[in-house]
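Asks: Right, I'll just put the structure down here and ask away after.
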Amino acid sequence: MSALLRIESLSKHFGLRGGGRLHAVDGVNFELAHGEALGLVGESGCGKSTLAQLIARLIDPGAGRILFEGRDLAAIPAERFAQVPDRARIQMVFQDADESLNPRHTAFDAIADPLERLKGLAGTELRLRVAHAAELVNLPGELLGRFPHQLSGGQKARVGIARAIAVEPALVILDEPTSALDVSIQAMILKLLDRLRRELGLSYLFVSHDLAVVRMLCERVMVMYLGRCMEAGPTAAVFDRPRHPYTAALIDAIPGTGRRGARPRLEGEPVSPVDPDPRRCRFHGRCPRGEQRCREIMPELDGGRSGAVACHFPLAPA
Amino acid sequence: MSAAGPLLALSGLSLDFVTRGGRVRALDRVGFEIAQGEMLGVVGESGSGKSVTAYAVMDLLEPAARIGGGRLDFRGLDLLGADRARLAALRGQAISMIFQNPRAALNPIRPVGRQLVDVLRAHRPMNRAAAESEAERLLAMVRIPDPARRMMAYPFELSGGLCQRAMIALALACQPALLIADEPTTGLDVTTQAAIMDLLRDLARARGMATLFITHDLALAGDYCDRIAVMHAGQVVECAPTARLLAEPRHPYTRGLLAATPRSGSRIGEIAAVGGALPDLTREDLPPCRYAERCERRRPECDAAPPPLAERAPGHAVACWRAA
C-alpha cells in the first residue's frame, strides 16, 4: 500500500532569545495511507500542533522529510508553498472558527477565498463550487451572505470545514476542530467530519487532546510527549492495550470511565523541552517506572503498523 | 456544629441582566441544595446559567444583574437579605471560590507564598512567621512539590496545574465549609485535570468540605460528584444522585446531553447531537419550559405553565411535564 504522506525524521527546534533550543518536534516518523484517519494526541507542549503546522507547510522544518505522494515538500520554503500545486491538496481546519474566519468576510467569501487563490476560479463556476461545498457540510445557502458574528458556533465550524474541502484536498489537517464547541454541537460536527472523509475519500490528520473523540474518528493513533512519538498503532489496540506508561496514564485520565477510586496519577512536572538531555527518555521523571537505563539511553520507536512503542520497559500486552 | 438542614439552599432564584439589547433572563427559578461535605455537580453548556448561579452565591454579580426573586440560604442565613458586613465576612471565609483560569485570578506581581500570607493574616490573627509556615503547609497540602522554594515563585513561573493548586491553597486557607469550583480544570491537560480533581475530592473528604463543582463536562462530573444538577437556558431541568442521573435520566435534555457525550470506546454512530439551539434569553415570548422548542416530546401543556422541579423518585427531581 502506498502512503499518501510519509514523515521521516522530522524535527523542528526553535531558537530562544535567552539561548538554548526548544525541541518542539524531535525525529518523528510516521505514515498516513490514502483515506486513513490518524489521530495525533498528547498534552500541551507535546509538539502535536507544531507537527501539524510543519505538514501544512505553514512553518519550515529543521530537518527531515515530508513526502506527500512521493514528493518531498520539506525543502520548499513555507513562504513559497502557497504557489505550489500541492497547497490545494493539503488543507487545514483550525481550532477556533472565530479566530480563523475574517470578521469582515461573509461565509461565501471565506469559502470562495481558497478557490480563487489556489484554483483561479471566478464568476459562475466559483459560485457553483462554493454552493457545492456549503451543501456538503449542510450549511443552508441562505447563510452564505452572513458574517461570522451572525453565525452560531456550529455554523462557523461548518464554514471552516467547507473552506478546507472546497479545493478538493487529499489531506485535511484538523487542529482541535471541536474543542471550542459545546458537546451537543460537537457531536454533529464529528459526524459530519466522519461522513465527509468516507464520501470524499479524504485522509485526516486529526490533532486533539480529547482521546474519546480520537477513538471515534481515527483508525490509527500516535501519542506524542515533549516532541517525541511515544506510541503508535491501530486506535483500538492502543486504547485497549496501551504499551507505553504515558499512554496508559493518558487513557486512565479520560473522564467518564467510572473511575472514582484513587489510582496512581502522574507525579512531578514534565522536563523542560529546552535543550533536553539527548540520552534521557523524555518521560523519565514522571514515569512510574523510570530506571537507570531510561536516563542513559533514549528509547527509539520500535515496531510496525500493528503497533510501535518507544520504551525500554513496555507494559505487557494484556 | 450540628448539620441540621442543607449547608446551602437555593430556591426559586430568578435573575435578569439589564442590557442595551434587552433583558437577559439568565436564571429562572433555580433551586438545589448542598449538604455538608457533599460534592454537587452543576452541569450545563454555555449559556446555561451555571456560572451566573455561582456568582450569585458569591455576590460577584455585575451591576447589570437584577435578582427577581427566590432565596439563597447558607446555614439558614438568608444571603440575599443579610447585611453586607456579615456577608463579606462569610464570603471568603465560610464560602470560597476557585476559577477557570487560575493565572488570571492570582496576583501576577506577587509571589504565591506572599499571597497566601496576605489572605491568612487578613482573616486570622497570625504573626508573619506563623502565617509563613502555615502558607508553606498549605502549598504542601495541595501537593506542590518543593513548597519552600515555590513560596517565592510568581504565577508566571508556575505551570497551569501548579497555578490551580496554588489557587486551591488560597481558597482553602480559611477552611471554608463550601468551595465553589467554576470549571477548575478547563484548559488543563487531561492528566493534570485528573490530578486536580483527585486533589479536590481528597481535600473535601478530609475536611468535610462541601463542593459546588461547575462544569460543562457531564462525564467528569459523573466521576467525582455525589449528585448532579443539569441546567439548560437558566433552568435546572434535573437533579439526582450521580449514578441514578447517568443510568436513568428522565429529562429529555439530560438524555440528549448523555447521548452527545463521547465516552471512551463509543462509536461515531452511537453519539447524537442535541437538536435545536438555546433559545434567545432576551425574547419576550420565552416558552415556560425553555427546552420545549428543542424537545421531541413537546405537547400543548408544555407551553401552558412552567414545569416545576418535582421529585419523581427519592432524591430524583425532574422539571418536565412529560417525565414519568
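Taken together, the values in this text are just the output of simple stated rules run on the coordinates, not laboratory data. These numbers were taken from a predicted model, which means no experiment stands behind them. All Cβ positions, glycine included, derive from the backbone under ideal geometry; neighbour counts span all protein chains shown.
Asks: How many angstrom lie between the Cα centre of region A:60-76 and the Cα centre of region B:154-181?
Replies: What the calculation gives is 45 Å, centre to centre.
Asks: Which residues' amide hydrogens lie under 5 Å from the amide hydrogen of B:Gly68, considering only partners 5 or more residues apart or on another chain, with H built in the peptide plane?
Replies: B:Ser14, B:Leu15, B:Asp16
Asks: Please name whichever of A:Ala248, A:Thr124, A:Pro85 sits farthest to the positive end of the charge dipole of chain A, dipole taken about the Cα centre and charges placed at Cβ: Lys and Arg +1, Asp and Glu -1.
Replies: Among A:Ala248, A:Thr124, A:Pro85, the one farthest towards the positive end of the dipole of chain A is A:Ala248.
Asks: Treating the beta-carbon of each Lys and Arg as +1 and of each Asp and Glu as -1, no other charges, what is the dipole magnitude of chain A about its Cα centre, to the nearest 20 debye?
Replies: It comes to approximately 360 debye.
Asks: Taking 0.36 nm per residue of sequence separation and subtracting the Cα-Cα distance, how much length would be gained by fully extending the chain between B:Ala35 and B:Asp226, in nm to one decimal?
Replies: 67.7 nm
Asks: So for chain B, taking the charge dipole from beta-carbon charges (+1 Lys/Arg, -1 Asp/Glu), which of B:Gly208, B:Pro111, B:Gly22 sits furthest toward the positive end?
Replies: Of the listed residues, the answer is B:Pro111.
Asks: Now, a different point. Would you give the gap between the C-alpha center of region A:126-149 and the C-alpha center of region B:263-302, rounded to a whole Å?
Replies: Centre-to-centre (Cα) distance: 25 Å.
Asks: Using the Cα centre of region B:30-146 as origin and beta-carbon charges of +1 (Lys, Arg) and -1 (Asp, Glu), tell me which of B:Ala130, B:Gly81, B:Ala140 is placed farthest towards the positive end of the dipole.
Replies: B:Ala130
Asks: Follow-up. How far apart, in nm, are two points set 7 Å out from the Cα along the Cα-to-Cβ line at B:Arg322 and at B:Glu296?
Replies: Result for the modelled spin labels: 0.9 nm.
Asks: About its Cα centre, what dipole magnitude does the protein assembly as shown give when the only charges are +1 on Lys and Arg Cβ and -1 on Asp and Glu Cβ, stated in debye to the nearest 20?
Replies: So the magnitude is around 600 debye.
Asks: Next question, about the same structure. Given R₀ = 56 Å, what would the calculated FRET efficiency be for A:Gln150 paired with B:Ala310, taking r from the Cβ atoms and rounding to 0.05?
Replies: 0.90
Asks: Another question, if that's okay. At R0 = 60 Å, how high is the FRET efficiency between A:Asn138 and B:Met126 if r is their beta carbon distance? Nearest 0.05 is fine.
Replies: 0.45
Asks: Also: Could you work out the relative contact order of region A:85-218? I mean the mean sequence separation of Cα pairs under 8 Å and 6+ apart, divided by the number of residues, in percent.
Replies: So the answer I get is 33 percent.
Asks: To continue, here is another question. To the nearest 20 debye, what charge dipole does region A:85-218 have about its Cα centre, counting +1 at the Cβ of each Lys and Arg and -1 at the Cβ of each Asp and Glu?
Replies: Result for region A:85-218 is approximately 300 debye, rounded to the nearest 20.
Asks: Do the alpha carbons of any pairs in A:Lys48/A:Lys119; A:Lys156/B:Lys50; A:Lys12/A:Lys156; A:Lys48/B:Lys50 sit beyond 27 Å of each other, and which pairs?
Replies: Distance filter (> 27 Å) returns A:Lys48/A:Lys119; A:Lys12/A:Lys156; A:Lys48/B:Lys50.
Asks: Now a separate question. How much FRET efficiency would the formula 1/(1 + (r/R0)^6) give for A:Gln292 and A:Glu8, where r is the Cβ-Cβ distance and R0 is 45 Å, rounded to 0.05?
Replies: With R0 = 45 Å, the Cβ-Cβ based efficiency is 0.90.
Asks: Please turn the phi angles of region A:164-169 into ³J(HN,Hα) values with the Karplus equation 6.51 cos²θ - 1.76 cosθ + 1.60 (θ = phi - 60°), one per residue in order, whole Hz, x for glycine and proline.
Replies: So the J values, rounded to whole Hz, are 6, 8, 4, 8, 6, x.
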